[in-house]
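*Asks:* After the C-alpha cells below, expect a handful of questions from me.
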Amino acid sequence: MPEQQDDILEQITTSEYKYGFVTNIEADEAPKGLSEDTIRFISAKKNEPSWMLEYRLKAFQHWQKMEEPNWANVNYPKINFQDIIYYSAPKQKVAPKSLDEIDPELRNTFEKLGISLNEQKRLTGVAVDAVMDSISVATTFKEELSKVGVIFCSMSEAIQEHPELIKKYLGSVVPATDNYFTALNSAVFSDGSFCYIPKGVRCPMELSTYFRINAKNTGQFERTLIVAEEESYVSYLEGCTAPMRDENQLHAAVVELIAKEKAEIKYSTVQNWYPGDKEGKGGIYNFVTKRGICAGDHSKISWTQVETGSSVTWKYPSVILKGDYSIGEFYSVAVTNNLQQADTGTKMIHLGKNTRSRIVSKGISAGKSNNSYRGLVNVAKNASNARNFSQCDSLLLGDKCGAHTFPYIEVKNNTAIVEHEATTSKIGEDQIFYCNQRGMDTETAVALIINGFAKEVMNQLPMEFAVEAQKLLAISLEGSVG
Amino acid sequence: MDATSNIKSAYAQLEGKSKNLSAFQEENWKTFSGIGIPALKHEEWKYIPIKNVFKASMNIAVEHDAFDQSALSNYILPGTEDANHIVFYNGRFQEHASKINEKDKLVVKSLEIAAGDEDAAFVETNLGNSQGYHPDGVNALNGAFAAGGAFIKIKKGAVISQPLIIYHFADSSNGFRFSQPRILVSVEDNAQVTIVETYVNHGGGESLTNEVIEICTGRDSITRYIKLQNEGNLSNHTGTTHVRQLERSNTHAVTITLDGAVVRNNLNMVMEDEHAESHMYGLYLLKGNTLADNHTIVDNRMPHCESNELYKGIMDDQSTGVFNGKIFVRKDAQKTNAYQSNKNILLGDQASANTKPQLEIFADDVKCSHGCTIGKLDEDALFYLRARGISEKNAKALLLHAFASDILGQIENEAIKNYIETLISDRLSLEA
C-alpha cells in the first residue's frame, strides 16, 4: 500500500497547470522599464488628475531610496525592475456598456476559466469586475448595486468619478512608504477595484473580481480599496489565474479594507496564478500587501484565502483591530507543489479593548516545495482583554518538501489571553487503511483526508467559490482527486 | 573609548599568548571584528537590546586574578558541600580553587592544556561547534578569549555520584565586570553525570557574563544539566549551552532564571545520531526590569530521535519574557518526535511576553507539534480557592507555585531541587 500511496503522490507531482493558455488580444503597452516617464505615461493613459500623478511620483521617489527586502523564507532570482512592462491594456476603443460589446476572444478566456460572465450573471447573481492585464473589462450588476448606493467600479473609474473618496482613503491603511512593494505598487498601479458600501447597507450580492495576467513580461500591480461605512456588510471575492510563460512575472498588489463602526467585511481569495513548471521554470511572484483596519467599535474583518498557485507567494493579509470589541479573522489553505514556495500568514494587531482574533492556517506541501506560515499576534499595552487563538497545521506529502512555522507573539498587556498551536504530520497509513477497509481506493482516501484537513477553511468561503476552490485544490494536488 | 575598542585592547594583551588555542582565538576575533555585536535588527536578537549591555567601562580579565578561596564557602548551594566544585573567576578557570572528588572518573583541566595533550583531537572536533548555530559576534567574542576556559571529561562508563557544580564568580567591586567563561565537556560512552552551573556577582556592581559551554554526549550516556540564574538585577548574561548528541544518548536540561538584568540563554540540542533523546525545561520567574530571553534549538539530523520541551514564565512588574524555540527536522530525520510548549503568565501591568515557537520541517514521517499560551491567572481557579477561605494572596501564590512546579519536578537532585524550591516559594509568597 505505501507504494500505491507513492504512485498517487507521483501523480500529484506530475499534474500540470490547467489554466495556462494565452489569449491573443492586441494590447496597449507601456515601453519596458521604470522611470518617472513610465509613471507619467501610465497616469496620462488613464487621464488621471494631477494629485494622483503626484501621489505616484512621491511613492516612486520613496521607492528609489528603499532596498528590496530578503528576510522571507523564499528564494528567487533577483527581479530586474527595468525589464517589466508596467502597463498593458487590452486594446478597446470605447468602454463597453453591456457584455455583448466585449471582444469575443476575451470572453472565451473567461469561459475557459470557468467564470463565464453570462453564466455567472444568470446563475449566481455575482457581480464580476473582471480585470485583465490591469484594466477593468466589464463590470456587471453595477446598476443594480447603485440602486442601494453601493459603489463598485474599477479604480481608474473611481479616481475620475469619486476623487473625494479615493483621496481620503487611498493609502490610509497601507501607506505608500509601508514597504518596498507597496511603494512600487503606489507608483505604477494600473487598475483595480474600488468598493464603497454606504451606512447601514447590506450589500445585496457577493462582489467579485477576477484577475488575469495575460500579456508577456507584464507585472500586475492592482489596487483594491474597500470602504464599509457604519453598520454595513460586504462580501468580496477575488480570484486569480495567469497563462503559462517561461519567464517569471511579478504581481505586487495592494489591498486595503476599512471597516467602520459595526461594519463587516469578508474578503475571500482564490489564488491560482501560474506556479511554474515541474523544474520551477516560470511562474508568478505573488508579493501582495493586504491589510484591513477595524476602525470602528464592533467591526469585523475576515480574510479567507485558498492559495494554490504562484511560484513564490509572499503575503500576510493583516487586520489592525483599532475599534473596541472588533474582530479579526484569518482562514487560509496554502498548497505548494513542485518547486513552489509560499511564505504566508497574517498579522493581528490588537489596539482596542476587548478585541478578538482567530487564525486558522492549513499548509499542504508536496513535491519539492516549501510552505511557511509566518504570523504575528501583537497585543498593545492598552488592548485589555484581547483574545487570540491561532492554529497552524501542516500536512506533508512526500519526503522532499518542507513545512515551516514562524509565529511571532508579542503581548504587552496582562489581561490578554493568547494561544497558539501547531502540528505537522503526514497522512497516516492507518487513516488510509481505514478508508481502504471501507472500500475506498487510496486515491479517493487521500482526497477525502485532504478535504477534511482543509474543511475548516473551505467552510468559510462563499458557496460559489467553495466549489471552485475544492476543484483547484484537487487540480493542484493531483489529477483525479476531487 | 567605546565598548569595542575596550574589548580590542583586552584582546591585544592576549593575542598570541596561548600556545594551543591561538589559531582558534584569532579566527573568532576575525569573525567578531567583522560583524560586531548584533543590533536589534538581527532576527535572533530582535527582542533584546544586547548592544546596550556592552559598556565602554567594562573590566576584562586577561590574566588569572587571584581568587579568594574563602569566598566560595559563602556561596555553596546548600546540601551540595560534598559535590565536585569547579570555579571560574571573572571568566577564567581557577584550577586551584576547584575541588574534584572522583578523580579516577573525572578529569578537569584547563582548555589550553587539553588542546595540547591526549584530548587534543576531541578539542579540535568539538570546540566551536556552537558557532554554526550562532554565527553572531557574541559567540565569536567568547571564542576569542577561549584560552582561559576549562575542559571536563567524564570517563567511559563512569557514573558520577555527586553533581559537578560550576560556580561562576564575577567580581564587580571595581566597576562593570565582563567575564567570558568557556567550557568544553566530553561525556564519554555509557557515562552518567549531573552538571550544574550557577552564577555569583559579588562586589555589588554591574556585570556581564558571556559564556559558551559545549558538551558532547557519547553513546548511551546520560547527561543532566541545570543552569540556575539568581544573580541580582545588575547582572547581565548571554550564555550558550550547546549539546552534540551521539547515538542513544539522553540529555536532560533545566534552565531556571530568577533574577538578572538582561539575560539571554541559548540552548542547542543537536541530534547527530539515531535514537538520541533530549528533554528541555525552563522556568523564568521575573520581576522588576528583568528581561529574560530563552532561545532553544533542536536540530534533528538523524532518524528516530525524540525531543520534549516545556518552558514556563511568570512575568511581574515591568519584566519581559522572551522565548524562541526552533525545531529543525532535516531530510533524513524520519520518525522524529518533537514536542514543544511555552506557557506564560503576565502578572504585572507593565509586563510583556514575546514568543516565537518555530518549526522547520523537511521530512514527512514525523510528529511535531508546538503550542504556546500567554495569559493571566485563571479567575475560576482563584474563585474556587477564595470560596474555600484562602486569602487572595495565598490563592495566587498557590496557583503560581503549581504552575512552576512542573519544571521544578524535573530536577532530580534532591538538594538542588529543595534549594530552588525555597527560592521560588520565598519569591511567590512575597509578591503575590
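*Asks:* Regarding A:N385, is this residue more than 23 Å from the chain's Cα centre (by Cα), without any contact (Cβ under 8 Å) to a residue 24 or more places away in the chain and within 14 Å of chain B (Cβ to nearest Cβ)?
*Replies:* Considered against the rule, which asks whether it is more than 23 Å from the chain's Cα centre (by Cα), without any contact (Cβ under 8 Å) to a residue 24 or more places away in the chain and within 14 Å of chain B (Cβ to nearest Cβ), A:N385 comes out as no.
*Asks:* Exactly one condition in (1) buried (at least 16 other Cβ atoms within 10 Å of the Cβ); (2) closer than 26 Å to A:N413 by Cα is not met by B:A402; state its number.
*Replies:* Exception for B:A402: condition (1).
*Asks:* Of the residues that make up region A:255-267, is at least one in contact with a helix residue (DSSP H, G or I) (Cβ under 6 Å, 6 or more places away or on another chain), in a strand (DSSP E or B) and either at pLDDT below 95 or closer than 20 Å to A:L184 by Cβ (or both)?
*Replies:* No: region A:255-267 contains no residue that is in contact with a helix residue (DSSP H, G or I) (Cβ under 6 Å, 6 or more places away or on another chain), in a strand (DSSP E or B) and either at pLDDT below 95 or closer than 20 Å to A:L184 by Cβ (or both).
*Asks:* May I ask you to say which residue of B:R388, B:R427 is modelled with pLDDT under 90 and more than 30 Å from B:E43 (Cα to Cα)?
*Replies:* Values: B:R388 fails: modelled with pLDDT under 90.
When all the criteria are applied, what remains is B:R427.
*Asks:* When you look at B:T217, is it under 15 Å from the mean Cα position of the chain (by Cα) and not aliphatic (A, V, I, L, M), yes or no?
*Replies:* no
*Asks:* Filter region A:390-400 down to residues that are part of a loop (DSSP other than H, G, I, E, B) and at the interface with chain B (Cβ under 7 Å from one of its Cβ atoms) and give me whichever is nearest to the chain's Cα centre (by Cα).
*Replies:* Ranking the candidates gives A:G398 first.
*Asks:* Sticking with this structure for a sec: May I ask you to verify whether B:D332 is facing another protein chain (nearest Cβ under 7 Å), surrounded by fewer than 24 Cβ atoms within 10 Å (Cβ to Cβ) and not in a strand (DSSP E or B)?
*Replies:* Considered against the rule, which asks whether it is facing another protein chain (nearest Cβ under 7 Å), surrounded by fewer than 24 Cβ atoms within 10 Å (Cβ to Cβ) and not in a strand (DSSP E or B), B:D332 comes out as no.
*Asks:* Inspect all residues belonging to region A:455-467 and state whether any of them is under 22 Å from A:V270 (Cβ atoms) and either within 14 Å of chain B (Cβ to nearest Cβ) or at pLDDT 90 or above (or both).
*Replies:* no
*Asks:* Same structure again: Out of the residues in region A:413-452 that are within 18 Å of B:V322 (Cα to Cα) and either more than 7 Å from chain B (Cβ to nearest Cβ) or buried (at least 20 other Cβ atoms within 10 Å of the Cβ) (or both), which is nearest to the chain's Cα centre (by Cα)?
*Replies:* A:H420
*Asks:* Within region B:370-386, restricting attention to residues that are facing another protein chain (nearest Cβ under 7 Å) and not small (G, A, S), which residue is farthest from B:G321 (Cα to Cα)?
*Replies:* If we take residues in region B:370-386 being facing another protein chain (nearest Cβ under 7 Å) and not small (G, A, S), then B:H370 is farthest from B:G321 (Cα to Cα).
Every residue, every condition in (1) over 29 Å from B:K19 (Cα atoms); (2) crowded, with 23+ Cβ neighbours inside 10 Å, yes or no:
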| residue | (1), (2) |
| --- | --- |
| B:K99 | no, no |
| B:E118 | no, no |
| B:D136 | no, no |
| B:I154 | no, yes |
| B:H202 | yes, no |
| B:L208 | no, yes |
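*Asks:* Since B:L21 meets every condition but one in (1) touching a Leu at 6+ places or on another chain (Cβ under 9 Å); (2) under 28 Å from B:G175 (Cα atoms), which condition does it not meet?
*Replies:* All conditions pass for B:L21, except number (2).
*Asks:* Give the residue, chosen from B:E26, B:E81, that is among the acidic types (D, E), surrounded by 14 or more Cβ atoms within 10 Å (Cβ to Cβ) and either part of a loop (DSSP other than H, G, I, E, B) or at pLDDT 90 or above (or both).
*Replies:* B:E26
*Asks:* OK, next. Can you tell me which residue among A:I265, A:I349, A:I258, A:I284 is under 30 Å from A:L165 (Cα atoms), of a type in the set (A, V, I, L, M, F, W, C) and in contact (Cβ under 8 Å) with a residue 60 or more places away in the chain? Working first, answer last.
*Replies:* Values: A:I265 fails: in contact (Cβ under 8 Å) with a residue 60 or more places away in the chain; A:I349 fails: in contact (Cβ under 8 Å) with a residue 60 or more places away in the chain; A:I284 fails: under 30 Å from A:L165 (Cα atoms).
Only one candidate qualifies: A:I258.
*Asks:* Oh, and also: How about region B:115-185: which strands (runs of 3 or more DSSP E) wholly inside it have at least 2 residues that are touching a Leu at 6+ places or on another chain (Cβ under 7 Å) and under 21 Å from B:G218 (Cβ atoms)?
*Replies:* B:150-154
*Asks:* Only one residue in B:G321, B:G389 is under 26 Å from the mean Cα position of the chain (by Cα) and more than 9 Å from chain A (Cβ to nearest Cβ). Which one?
*Replies:* B:G321
*Asks:* For B:A397, state whether it is surrounded by fewer than 23 Cβ atoms within 10 Å (Cβ to Cβ), among the hydrophobic types (A, V, I, L, M, F, W, C), farther than 21 Å from B:I314 by Cα and at pLDDT 90 or above.
*Replies:* When the stated conditions are applied, B:A397 does not pass them.
*Asks:* Moving to a separate point now. Give all pairs with beta carbons closer than 9 Å in which a residue from region B:404-425 that is closer than 19 Å to B:I165 by Cα meets a residue that is in a helix (DSSP H, G or I) and of a type in the set (V, I, T); count only pairs at least 6 apart in sequence or on separate chains.
*Replies:* B:L408/B:I420; B:L408/B:I424; B:I411/B:I420
*Asks:* Report whether or not B:K393 is of a type outside the set (A, V, I, L, M) and within 25 Å of B:N294 (Cβ to Cβ).
*Replies:* no
*Asks:* Can you report the number of residues in region B:337-369 which are at the interface with chain A (Cβ under 7 Å from one of its Cβ atoms), in a strand (DSSP E or B) and either free of Cβ contacts under 8 Å to residues at least 60 places away in the same chain or surrounded by fewer than 19 Cβ atoms within 10 Å (Cβ to Cβ) (or both)? If you could, list the steps in order and put the result at the bottom.
*Replies:* First, pick out the residues of region B:337-369 that are at the interface with chain A (Cβ under 7 Å from one of its Cβ atoms): B:346-349, B:351-369.
If we keep only those that are in a strand (DSSP E or B) too, we end up with B:346, B:352-361, B:367-369.
From the residues that got through so far, the ones that are either free of Cβ contacts under 8 Å to residues at least 60 places away in the same chain or surrounded by fewer than 19 Cβ atoms within 10 Å (Cβ to Cβ) (or both) too are B:346, B:352-353, B:355-361, B:367-369.
The qualifying residues number 13.
*Asks:* Okay, next question. I'm trying to understand the selection: among the residues of region B:288-318, which are among the small types (G, A, S) and under 15 Å from the mean Cα position of the chain (by Cα)?
*Replies:* First, pick out the residues of region B:288-318 that are among the small types (G, A, S): B:288, B:292, B:307, B:313.
B:A292 - this is the single residue of region B:288-318 that is among the small types (G, A, S) and under 15 Å from the mean Cα position of the chain (by Cα).
*Asks:* Let me ask another. For region B:43-74, which positions are among the hydroxyl-bearing types (S, T, Y) and either touching a Gly at 6+ places or on another chain (Cβ under 9 Å) or without any contact (Cβ under 8 Å) to a residue 40 or more places away in the chain (or both)?
*Replies:* Correct list: B:S57, B:S70, B:S73.
*Asks:* So which of A:G292, A:G280 is of a type outside the set (A, V, I, L, M) and surrounded by fewer than 22 Cβ atoms within 10 Å (Cβ to Cβ)?
*Replies:* On the way: A:G292 fails: surrounded by fewer than 22 Cβ atoms within 10 Å (Cβ to Cβ).
Just one listed residue meets the conditions, A:G280.
*Asks:* Among the candidates A:K347, A:K322, which residue alone is within 21 Å of A:N73 (Cβ to Cβ) and surrounded by fewer than 24 Cβ atoms within 10 Å (Cβ to Cβ)?
*Replies:* That would be A:K347, the only listed residue that is within 21 Å of A:N73 (Cβ to Cβ) and surrounded by fewer than 24 Cβ atoms within 10 Å (Cβ to Cβ).
*Asks:* Same structure again: Return only the number of the condition from (1) at pLDDT below 95; (2) surrounded by 15 or more Cβ atoms within 10 Å (Cβ to Cβ) that B:V123 does not satisfy.
*Replies:* (1)
The values are calculated or read from the model by the stated rules, or taken from the named source; none is laboratory data. In this text, all values refer to a predicted model and were calculated from it rather than measured experimentally. Note: ideal-geometry Cβ built from the backbone for every residue, glycine included; neighbour counts use all protein chains shown.
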